[in-house]
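What follows is one structure encoded as structure tokens, with my remarks underneath.
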Amino acid sequence: MWFQNGLQGIKEERSMMRGSYDPVRNMSEYVVPVARYSLSATLESGQTFRWNKEQDTDQDAWWGVIGSRIYRVESKNDLLIFNSPGEWNEWNEVVTYFRVSESIDEVHAKFPRDKATEAAVLFCRGMRIVKQEPWECLASFILSSNKQIIQIRQMVNSLCQNLGQPLDPQRNLYTFPDVSRVARSDESELRAMRMGYRAPYLLDASRMIDGGHIEWDRIRDMDLEEARIELMKLPGVGRKVADCVLLFGFGFFKAFPVDVWIERVLNEIYFEGLNVKRSVMYEFIQTYFGEYGGYVQQYLFHWIRTGAVDTKEYRVFPVE
């Protein structure tokens with residue numbers, strides 16, 4: 001009975017999806033029902049850096065590029081509304097990117113239940129983890145070292161403007177340069193984009209991948225630890241960057257990036273304000289946060305970074 005009901009639900013949801021083309025605007029549209037989806041929380045939470053909020057509007061609407069295609073995405077009344085220029089009916093790429101088939105309630109049900117996670121879920125209502133192209137994700141997080149989100153966006157946009165293909169320069173929409181294009185550049189070219197000491201890391205990483213010096217194409221099929229070790233062979237990739245790429249690029253939901261924000265929240269809430277060793281912290285993460293630990297991490301990260309939280313109010317229990 002459950003299986004039959006499930007199939008019926010899928011059929012009903014698909015019947016509500018609809019596509020159309022407006023020749024006056026020269027735009028195609030695809031509408032998908034998705035409950036509780038916040039594009040603002042998703043796209044402003046530091047996991048992706050190339051979506052621009054539509055100006056002069058109160059709508060939760062964003063412009064960006066996936067692959068070689070421009071998309072406008074809007075969340076409205078439990079619908080995601082996708083637009084793309086011209087006649088277009090291949091929506092799987094953008095639908096997959098935004099994980100519209102994912103049940104956020106089922107994801108939340110896998111979170112550990114404590115005061116901090118419940119507050120983070122409430123604050124980040126509707127946030128999803130998107131499914132990025134792995135190379136773009138890797139390059140972006142190599143550039144993220146010791147930078148604020150706005151600065152990371154500037155460097156990533158500069159990389160696209162200089163090495164990508166223009167799609168709509170007025171909207172600052174370019175393709176992300178593929179790995180071979182970056183590998184053919186040189187360090188001075190990248191430094192001119194204000195990447196600083198990150199330039200040789202990005203260049204060397206692109207050349208290692210392009211030259212087949214790591215098993216890039218096998219990472220998705222590895223287990224988490226093996227995949228992390230493989231990524232950390234790349235210059236500029238420590239555990240935090242590797243876990244970001246595994247989570248946001250390869251879909252390893254158990255990968256749990258630890259930066260200064262997350263270290264702070266874990267120490268304050270789960271370790272009574274003590275500054276524990278990273279080895280202790282990683283062991284706790286592995287056992288406590290479970291298979292959707294990376295999802296929990298993103299909620300905690302966005303909550304603690306933007307919510308003006310007094311973490312002492314959310315202490316859960318002492319950890320021995």
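The values are calculated or read from the model by the stated rules, or taken from the named source; none is laboratory data. Quantities reported herein were computed from a predicted structural model and do not represent experimental measurements. Positions of Cβ are backbone-derived with ideal geometry, glycine not excepted, and every protein chain shown enters the neighbour counts.
To keep it simple, each residue is scored yes or no on (1) surrounded by 17 or more Cβ atoms within 10 Å (Cβ to Cβ); (2) out of contact with any Phe, Trp or Tyr (no Cβ under 6 Å at 6 or more places or on another chain); (3) outside any loop (DSSP other than H, G, I, E, B); (4) modelled with pLDDT of 95 or more.
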residue: G236; (1), (2), (3), (4): yes, no, no, yes
residue: V241; (1), (2), (3), (4): yes, no, yes, yes
residue: G273; (1), (2), (3), (4): no, yes, no, no
residue: Y282; (1), (2), (3), (4): no, yes, yes, yes
residue: I285; (1), (2), (3), (4): yes, no, yes, yes
residue: Y292; (1), (2), (3), (4): yes, no, yes, yes
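Hey, among Y97, Y30, which residue is free of Cβ contacts under 8 Å to residues at least 60 places away in the same chain and either crowded, with 19+ Cβ neighbours inside 10 Å or within 27 Å of F301 (Cα to Cα) (or both)?
Sole residue among the options that is free of Cβ contacts under 8 Å to residues at least 60 places away in the same chain and either crowded, with 19+ Cβ neighbours inside 10 Å or within 27 Å of F301 (Cα to Cα) (or both): Y97.
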Need the failing condition index for N89 against (1) in contact with a Ser or Thr (Cβ under 9 Å, 6 or more places away or on another chain); (2) part of a loop (DSSP other than H, G, I, E, B); (3) modelled with pLDDT of 95 or more, just the number. (3)
Kindly establish whether V107 is touching a residue at least 12 places away in the same chain (Cβ under 8 Å), in contact with a His (Cβ under 7 Å, 6 or more places away or on another chain) and in a helix (DSSP H, G or I). no
Taking only the range 149-202 into account, find how many residues are buried (at least 18 other Cβ atoms within 10 Å of the Cβ) and not in a helix (DSSP H, G or I). 9
Filter the range 244-261 for residues that are modelled with pLDDT of 95 or more and part of a helix (DSSP H, G or I) and give the result. C244, V245, L246, L247, F248
